[in-house]
């Protein structure tokens, strides 16, 4: 980690979920941490039918799901935070449950932006 950013090389991109979880824990400002996880193109691969065309939505990204599960198992609070509108909250919760994603809360309508400036962000491509 350099300059507060988690990079692909810290740990390597082929690292097991436990090592990635260690790196994320190292960035947390409290223990247990509150970890917000996006759905589309984070928990999902971005492949498959978009959620607005088919409530089933795109495919689960197994690697990210394993990391989230590891963080959940370690006692951290997992908040699913998506830009999807509230009208699809039930379908989104069902999709998460159907894929075995464990979480504590679901927040919808975070807003849509092309770029997010945030002091605590970890890009999914870095996992």
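The values are calculated or read from the model by the stated rules, or taken from the named source; none is laboratory data. Given the structure is predicted, the values throughout are model-derived calculations rather than measurements. With ideal geometry, Cβ positions are generated from the backbone for all residues, glycine too; neighbour counts draw on all protein chains shown.
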Whichever residue in segment 2-14 is closer than 14 Å to residue 63 by Cβ and over 17 Å from the mean Cα position of the chain (by Cα) and, among such residues, is modelled with the highest pLDDT: 14
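Just to be sure, is residue 68 surrounded by 15 or more Cβ atoms within 10 Å (Cβ to Cβ), touching a strand residue (DSSP E or B) at 6+ places or on another chain (Cβ under 6 Å) and either outside any loop (DSSP other than H, G, I, E, B) or at pLDDT 90 or above (or both)?
Taking the combined requirement at face value, the residue satisfies it.
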Leading residue by the ranking (surrounded by the most Cβ atoms within 10 Å (Cβ to Cβ)) among those in segment 72-82 that are out of contact with any strand residue (DSSP E or B) (no Cβ under 6 Å at 6 or more places or on another chain) and either within 16 Å of residue 23 (Cα to Cα) or at pLDDT 90 or above (or both): 74
Filtered residue count, segment 22-39, keeping only those that are over 11 Å from residue 68 (Cα atoms) and either surrounded by fewer than 16 Cβ atoms within 10 Å (Cβ to Cβ) or modelled with pLDDT under 85 (or both): 11
Among the residues listed as 55, 46, 90, the single one being surrounded by fewer than 15 Cβ atoms within 10 Å (Cβ to Cβ), within 21 Å of residue 109 (Cα to Cα) and at pLDDT 90 or above: 90
